[in-house]
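Take a look at the structure below.
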Amino acid sequence: MTLLTTVFAAIICTVIWYKNAPKSEMKVGILCWIYWGASLMWFVDAIFEYVEYQAEYFAPEPAEMLNDFYLGLSVVALGLIIWLIILLVKDPKGVVKAALFKKKN
């Protein structure tokens, strides 16, 4: 479930990035790299787990699947948090800078 969750997040993010590819104002490409990296990590983990458990790998317990799904959602949320921090630091539209240096009348 972790692999599926991060792959779906990576695919959705990549489609959004590709749709707005020439202008990368929101730095969605960084989010794509985060999710594709997580997907690759979970894919390698799935390979090693399959080697260890063989056919049992394809019949997980429901509680284990739910835990894996929560872990996948946590990874997606952490990726979004990292992306938001990068976006706020880079401030491509100057919104944070304008808010910080706004003159009070």
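Structural descriptor for the chain: relative contact order 41 percent, calculated from alpha carbon pairs under 8 angstrom and at least 6 residues apart.
Using the heavy atoms of the protein chains and a 1.4 angstrom probe, tell me the accessible area per residue for the chain in square angstrom. Write down the numbers at each step before the final one.
Details: 8180 Å² over 105 residues.
Accessible surface, normalised per residue, equals 78 Å².
Local charge for T2 was computed over the other residues whose Cβ lies under 9 Å away, with Lys and Arg +1 and Asp and Glu -1, and equals -2. For the stretch 10-46, the residues whose amide N sits under 14 Å from a probe point set 7 Å from the Cα of K93 along the beta carbon direction are 24-28.
Taking the charge dipole of the chain about its Cα centre, with +1 at Lys and Arg Cβ atoms and -1 at Asp and Glu Cβ atoms, the residue from P60, I86, F101 reaching farthest to the positive side is F101.
Which is the longest run of the chain containing none of the trypsin sites (Lys or Arg not before Pro) found in DSSP loop states (not H, G, I, E, B) with at most 10 other C-beta atoms within 10 Å?
Working: sites that count: K23, K102, K103, K104.
The answer is 24-101.
Computed in the context of the full set of protein chains, the accessible area of the stretch 29-105 at 1.4 Å probe radius has 71% of its extent on carbon or sulfur. Charges were assigned to the Cβ only: +1 to each Lys and Arg, -1 to each Asp and Glu. The resulting dipole of the chain about its Cα centre is roughly 1500 debye.
The values are calculated or read from the model by the stated rules, or taken from the named source; none is laboratory data. Computed from a predicted model, the values in this text were never measured in an experiment. Virtual Cβ from ideal backbone geometry, glycine too; neighbours counted across all protein chains shown. All accessible areas refer to the heavy atoms of the entire protein, side chains included, with ligands and DNA or RNA removed. Shrake-Rupley method; radii C 1.70, N 1.55, O 1.52, S 1.80 Å.
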